[in-house]
Amino acid sequence: MNIYTRTGDEGKTSVIGGRVDKDNIRVEAYGTVDELNCFVGSAISLMKEEKYPDMIPHLLQIQHELFDCASDLAIYKPGIREFKVKKEMVDQLEKWIDLYDEETEDIKRFILPGGSQVSSSLHVCRTVCRRAERRVVTLAKEQEINHEVRKYLNRLSDLFFTVARTANVREDLSDVEYIRSAEVFRKRK
């Protein structure tokens, strides 16, 4: 099989149920999810097994789930097949957020992306995830989608924020606080 097909040379691409322009909002949405997946892989490559024995497999699972998200977003005609992203996947992200949040101190001020290289890369994942979510919101205004994908991406960006903070803890570094921020967050209950 050749890696090139030449079928996209005229600016169209195949989706599940048809062909669309390569700049179609559906393609933009699942393409941004694919971009996010690349950044997650990059973040994993920076992690040492001894400091991140739990986080690495969680992020690997997320990479598979991001493929599921992209696959669901590529469905052009509803009803062609069952969606892959389910509520249980969102629930799992919430459990991981709570788990990793226990390792961090209470946050008082806004923080800047930074600290360790791992933390910084996870903040990149967070911002690309937010962009993917925005693309999905735009898509949902125009066409049918699996709404669990939108929820999943929303929760996933929260997870990236939390694991970025956890990475700084594990690297024995403090979060970088935004110096002009007032104390805007309440203590955990």
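Overview of results
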{"quantity": "Residues of segment 88-145 that turn out to be of a type in the set (A, V, I, L, M) and out of contact with any helix residue (DSSP H, G or I) (no Cβ under 7 Å at 6 or more places or on another chain), as a count", "calculated": "4"}
{"quantity": "Close pairs from segment 85-97: first in contact (Cβ under 8 Å) with a residue 60 or more places away in the chain, partner assigned to a loop (DSSP other than H, G, I, E, B) and open to solvent by less than 30 Å² (accessible area, probe 1.4 Å), Cβ under 6 Å, at least 6 apart", "calculated": "Val85/Asn146"}
{"quantity": "Cross-chain or 6+ apart pairs with Cβ under 9 Å, segment 41-61 first and within 22 Å of Met89 (Cα to Cα), then assigned to a loop (DSSP other than H, G, I, E, B) and of a type in the set (A, V, I, L, M)", "calculated": "Met55/Met47; Ile56/Met47; Leu59/Met47"}
{"quantity": "Residue identified as open to solvent by 10 Å² or more (accessible area, probe 1.4 Å), modelled with pLDDT of 95 or more, in a loop (DSSP other than H, G, I, E, B) and over 19 Å from Thr32 (Cβ atoms) among Glu88, Glu103", "calculated": "Glu103"}
{"quantity": "Residues being part of a loop (DSSP other than H, G, I, E, B), open to solvent by 30 Å² or more (accessible area, probe 1.4 Å) and either under 24 Å from Asp172 (Cβ atoms) or among the aromatic types (Phe, Trp, Tyr) (or both) - total across segment 30-85", "calculated": "9"}
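The values are calculated or read from the model by the stated rules, or taken from the named source; none is laboratory data. Just so it is clear, the structure is predicted and the values come from calculations on it, not from any experiment. Every residue, glycine as well, gets a Cβ built from its backbone with ideal geometry; the counts of neighbours run over all protein chains shown. Areas reflect the complete protein model, heavy atoms only, side chains present, ligands, DNA and RNA absent. Shrake-Rupley method; radii C 1.70, N 1.55, O 1.52, S 1.80 Å.
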